[in-house]
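Sharing a structure below in structure tokens format, with a few things to ask.
The values are calculated or read from the model by the stated rules, or taken from the named source; none is laboratory data. On a predicted model such as this, the values are computed, not experimentally measured, just so you know. Counting neighbours? That spans all protein chains shown, and the Cβs are built from the backbone with ideal geometry, glycine included. All accessible areas refer to the heavy atoms of the entire protein, side chains included, with ligands and DNA or RNA removed. Shrake-Rupley method; radii C 1.70, N 1.55, O 1.52, S 1.80 Å.
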Amino acid sequence: MNIFDQFGTALRALAANKLRSMLTMLGVVIGIGSVIAMIGIGEGTKRAALANIQRMGTNMLMVWPNWRRGNVSGSESSIPTLKDEDVRAIRRNVPLATFVSGTVGASANLKYKDHNHVSRLVGGEPQIAIIQNATRMIQGGWFTPEDDAVSAKKCVLGYVAYQELFGNENAVGANIRIKNDTFEVLGVIDYKGGTGMWNPDDQVYVPLSTARRRLMGQHNLDGIVIQASDPDLMILAQKQVEDTLDKTRKNSSSEPLFRVMNQGDALDQMKTQNNLLSILLAGIASVSLLVGGIGIMNIMLVSVTERTREIGLRKAIGARRETILSQFLLESVAMCCVGGLIGILVGVGGVFIVSPLLKVPAIVNVQAIV
């Protein structure tokens with residue numbers, strides 16, 4: 001028998017036990033399909049997360065209180081906070097800072113007529129629109145420095161918040177309720193395509209003084225956002241900000257009560273986390289592959305035991321040991337190949353079905369298939 005005869009014989013043997021062959025291949029189908037689907041969805045999630053950060057602006061610096069290092073001495077003065085004086089110091093002493101804005105944030109319930117939606121409330125100065133790359137509007141415009149000075153009850157909606165409240169209606173000039181207070185809508189930001197908890201599309205912006213005095217009742221800042229003049233000088237700009245705040249924001253142990261991050265750091269951290277997640281998902285899915293392989297091995301051992309008479313008959317008419325062994329190996333290879341092809345189709349289909357539900361790009365990873 002040549003290789004083609006052996007392969008044909010192997011296929012006929014599999015066809016003679018259809019149910020057993022299908023159940024055996026099922027382990028391979030599930031294993032390969034889950035590996036391809038999990039890696040593809042993980043890759044799409046990573047790409048969506050990175051795009052989210054890039055949409056916020058490629059040359060943005062963020063300053064946050066360093067809560068892990070605060071209050072070491074136990075005194076109230078050592079609790080990490082950021083204040084208006086820090087914003088003024090950055091504007092004076094950081095020449096690479098083009099725009100600077102203090103920010104506060106919280107979750108807030110929005111209401112318009114009979115529509116309710118929980119969104120993220122962001123209080124900032126008018127230049128936050130430039131810093132966070134939110135100047136493209138589909139309706140209206142932004143609040144002004146004068147609105148911030150008088151704590152005006154005006155707001156700008158992200159695209160998702162607008163859709164949830166207004167659908168496709170005009171929102172400019174309408175009054176909505178934010179934390180049981182009435183605000184006038186000045187504009188709607190164009191769609192960015194963000195996802196997740198910090199989705200830039202699912203936010204409502206109000207003047208900084210309005211957020212602090214009317215909505216949150218706080219004097220300190222939750223953070224400071226800065227736009228550097230040149231993306232290539234982000235490291236230098238970050239050093240200037242750290243040197244400026246080092247003079248005032250330290251506790252009794254001379255540890256900084258703040259931390260400065262740039263978009264490059266955020267991108268690197270996100271890539272590292274997503275790579276680890278992809279490896280973890282691939283490892284979990286690979287267990288299914290191992291189980292599928294063991295299943296095929298067990299079935300082939302059972303098949304050898306069941307077909308003892310057939311093997312004896314083949315030997316009696318002159319079949320060599322190698323020929324009989326190759327036939328059983330070809331049967332297992334045929335099950336792997338057919339199960340593999342079906343598994344690839346299942347995995348690719350899973351990526352295209354699940355990705356839209358998670359609102360991430362559908363990415364088929366060729367390396368995962370290989």
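If each residue of separation counts as 0.36 nm, what is the full-extension length gain between Glu306 and Val291 once their alpha-carbon separation is subtracted?
Numbers: separation 15, 0.36 × 15 = 5.40 nm, distance 2.25 nm.
My answer for the length gained is 3.1 nm.
Summarise the long-distance tail of P(r) for segment 96-140 by giving the % of C-alpha pairs beyond 14 Å. Write down the numbers at each step before the final one.
Values: 624 of 990 pairs.
For segment 96-140, the fraction of Cα-Cα distances above 14 Å is 63 percent.
Here's a follow-up. Would you kindly state how much longer the chain becomes between Lys179 and Arg20 on full extension, computed as 0.36 nm times their sequence separation minus their alpha carbon distance, in nm to one decimal?
Full-extension gain reported as 51.0 nm.
At 7 Å along Cα-to-Cβ for each site, give me the label-to-label distance between Arg88 and Glu146 in nm.
Computed distance between label sites Arg88 and Glu146 equals 2.4 nm.
Here is a further query. Run the numbers on the chain and let me know its relative contact order in percent, using alpha-carbon pairs under 8 Å that are six or more apart.
Values: 658 pairs, mean separation 126.2, N = 370.
Dividing the mean separation by the residue count of the chain yields 34 percent.
Another one. What's the FRET efficiency of Val370 with Gln218 using the Cβ-Cβ distance as r and R₀ = 51 Å, to the nearest 0.05?
After rounding, the FRET efficiency stands at 0.40.
Probe radius 1.4 Å, ligands and nucleic acids ignored: give me the carbon and sulfur share of the accessible area of the chain as a rounded percent.
59
Here's a follow-up. How large is the dipole of segment 286-356 about the Cα centre if only Lys and Arg carry +1 and Asp and Glu carry -1, each at its Cβ, rounded to the nearest 20 debye?
320
Separate question: Please give the per residue accessible area of segment 321-370, computed with a probe of 1.4 Å over protein heavy atoms only, in Å².
58
Related question: In whole percent, what relative contact order does segment 101-186 give with Cα contacts below 8 Å and a gap of six or more residues?
32
How much length is gained if the chain between Asp246 and Asn168 is pulled fully straight, taking 0.36 nm per residue apart and subtracting their Cα-Cα distance, in nm to one decimal? Intermediate results must be reported in sequence, preceding the final value.
On the way: separation 78, 0.36 × 78 = 28.08 nm, distance 4.81 nm.
Extra length available between Asp246 and Asn168 comes to 23.3 nm.
For segment 184-337, with the dipole built from +1 on Lys and Arg beta-carbon atoms and -1 on Asp and Glu ones, taken about the Cα centre, which of Thr308, Met216, Ile279 lies farthest toward the positive end?
Farthest along the dipole direction, towards plus: Thr308.
Can you compute the FRET efficiency between Lys271 and Leu357 using 1/(1 + (r/R0)^6), with r the Cβ-Cβ distance and R0 = 25 Å? Round to the nearest 0.05.
The pair Lys271/Leu357 has a calculated efficiency of 0.55.
Continuing with this model, one more query. Using a 7 Å offset from the Cα along the Cα-to-Cβ direction at both Ile235 and Ile317, what is the distance between the two label points in nm, to one decimal?
My value for the distance between the label points is 7.6 nm.
For the chain, what does -39500 (n - 2.57) per DSSP helix run (n ≥ 4), summed and divided by total residues, give at 222 nm, in deg cm²/dmol to the nearest 500?
-17000 deg cm²/dmol, from helical runs alone.
Can you tell me the accessible area per residue over segment 101-202, all protein chains present, probe 1.4 angstrom, in square angstrom?
Value for segment 101-202: 44 Å² per residue.
Which of Lys83/Lys179; Lys239/Lys359; Lys83/Lys192; Lys239/Lys271; Lys46/Lys153 have a Cα-Cα distance over 32 Å?
Lys239/Lys359; Lys46/Lys153
Sticking with this structure for a sec: Could you give the semi-axes, largest first, of the ellipsoid that matches segment 198-351, computed as the square roots of 5 times the alpha carbon gyration tensor eigenvalues and rounded to whole Å?
For segment 198-351, the semi-axes come out at 68, 19, 15 Å.
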